[in-house]
Amino acid sequence: MIIKMSVTATEEELSHVIERVKECGCDPHVSRGVEHIIIGAVGSPDKRNELEALRVARGVEDVIPITDPFKLVSRQYKVGRSIVKVGSVNIGDGAPVVIAGPCSIESRAQLLTTARAVRDAGANMLRGGAYKPRTSPYDFQGLGVEALQFLKIAREETGLPVVTEVMSTEDVEIVSEYADMLQVGARNMQNFSLLRRLAQSKRPILLKRGLSATIKEWLLAAEYLLMGGNSQVVLCERGIKTFETETRNTLDLSAVALAKELSHLPVIVDPSHATGRRSLVASVSRAAIAVGADGLIIEVHPEPERALSDGPQSLDLEGFSQLMDHLDEPLPKLARTVAVAA
Ligand code: PEP
Ligand code: MN
């Protein structure tokens, strides 16, 4: 339920409503806007009538049931959009951010070379995998804690906040010690014990869309994080599995626009995993920004042909710098028909 209160409601009227929401066994989530104060009441569907009765309480303008299965994530629940802070970087404030770095951290030199180059090209954050979810158990699985130590050095040297994937509940503590933001990979989007554990973390979360997850399932996965107490969540569309095999996945740009329509959370795009092809990364990145993405996460490697994972989709340092130079170029002008006066 959403309880919509007037901005002129007194503190006393507000506290009364909050108290009643708690008495009904619900958690009140208050969000203040210019025109309204919204109190989201989550929990106890059996107390619906009691909550609806608050319509006549002083200061209350309306009580509206939420039809979406996701509640705290829903745009109905919040006035305005969420901005997620990662160090000094704001994700969702209107200026798209770029996160760049290697798929896997392979050595100190590889990470530092990449980190310096992406920073010099204008990236806002550094990515790099320490624990890698690989389809084959014979493939490179990541350097683990050693890679986390390299990430820390790279952050200290470049000043870029870092994001890295955490694959299991056991690793949350150690990864949180080193990383500014924790990534939930596509394969773990519905790992509910991991989501519940991360809900208790103080670190912002980058939640990738599952390989075959619907938009609703993706937003419900985010709901686990918000419901558990962590509202610092950024959604990431990274392509889904379709019948198409020419690209690694199929980038669902409509999901980016729709997720922003349905949710107040920032949404970013991963053009690297979405396409699997280096040649498509720049154009798809521009398309993502055009559709309203709050940022991009892009794989970059100093020598992609030697990469231990995802070389074919990784940009080299020069390629990344060129992408950054063209990312915010204006779109071509339309060939409009010009009406001629009769
Ligand atoms: C990655 O970011 O390197 C990764 C494995 O991504 P995803 O979970 O989207 O496949
Ligand atoms: Mn990768």
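With an 8 Å cut-off on Cα pairs and a minimum separation of 6 or more residues, tell me the relative contact order of the chain in percent.
Contact order relative to length: 15 percent.
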For the chain, built as a Gaussian network whose Cα springs stay under 10 Å, the top-fluctuating residue of 280, 251, 296
280
Computed ³J(HN,Hα) along the stretch 326-342: with the Karplus parameters 6.51/-1.76/1.60, θ = phi - 60°, integer Hz and x for glycine or proline, the list is 10, 4, 9, 5, x, 5, x, 6, 6, 7, 5, 6, 9, 5, 9, 5, 6
Calc'd 3J(HN,Hα), the stretch 243-249, phi into Karplus 6.51 cos²θ - 1.76 cosθ + 1.60 (θ = phi - 60°), Hz, glycine/Pro = x, comes to 5, 6, 10, 6, 10, 4, 9
Loop-only check: which trypsin sites (Lys or Arg not before Pro) in the stretch 5-68 are DSSP coil with at most 16 other Cβ within 10 angstrom?
58
Could you tell me what percent of the accessible area of the stretch 2-64 is made up of carbon and sulfur, with a 1.4 Å probe and every protein chain present?
48
Calculated from DSSP H runs of 4 or more alone, at -39500 (n - 2.57) each and per residue, what is the 222 nm mean residue ellipticity of the chain, nearest 500?
-9500 deg cm²/dmol
Sorted by chain and number, the residues with a modelled amide H under 5 Å from that of residue 295, at a separation of 5 or more or across chains, are 97, 269
Which of the peptides 331-342, 128-139 is most tightly packed, and how do the rest follow, judged by the mean count of other Cβ atoms within 10 Å per residue?
128-139, 331-342
Whole-Å distance linking the alpha carbon centroid of the stretch 214-271 with that of the stretch 1-47 is 28
Convex hull (Cα only) mean projected area of the chain, reported in nm² to one decimal:
22.5
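Strictly over 22 Å apart at the Cα level, which of 85/202; 4/208; 4/78; 85/152; 152/202; 85/208 would you flag in this model?
4/208, as the Cα separations exceed 22 Å there.
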Taking only protein heavy atoms and a 1.4 Å probe, what accessible area per residue, in Å², does the chain have with all protein chains in place?
47
Karplus-derived HN-Hα couplings along the stretch 129-136 (A = 6.51, B = -1.76, C = 1.60, θ = phi - 60°), whole Hz, x at Gly and Pro:
x, 9, 10, 10, x, 9, 4, 9
Which far-off residues, 5 or more places away or on another chain, put their amide H under 5 Å from the one on residue 91, with H placed in the peptide plane?
84, 85, 86
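The values are calculated or read from the model by the stated rules, or taken from the named source; none is laboratory data. Since we're looking at a predicted model, the values are computed, not measured. As a convention, Cβ positions derive from the backbone with ideal geometry for all residues, glycine included, and neighbour counts pool all protein chains shown. Protein only, heavy atoms only, side chains kept; ligands, DNA and RNA dropped before computing areas. Shrake-Rupley method; radii C 1.70, N 1.55, O 1.52, S 1.80 Å.
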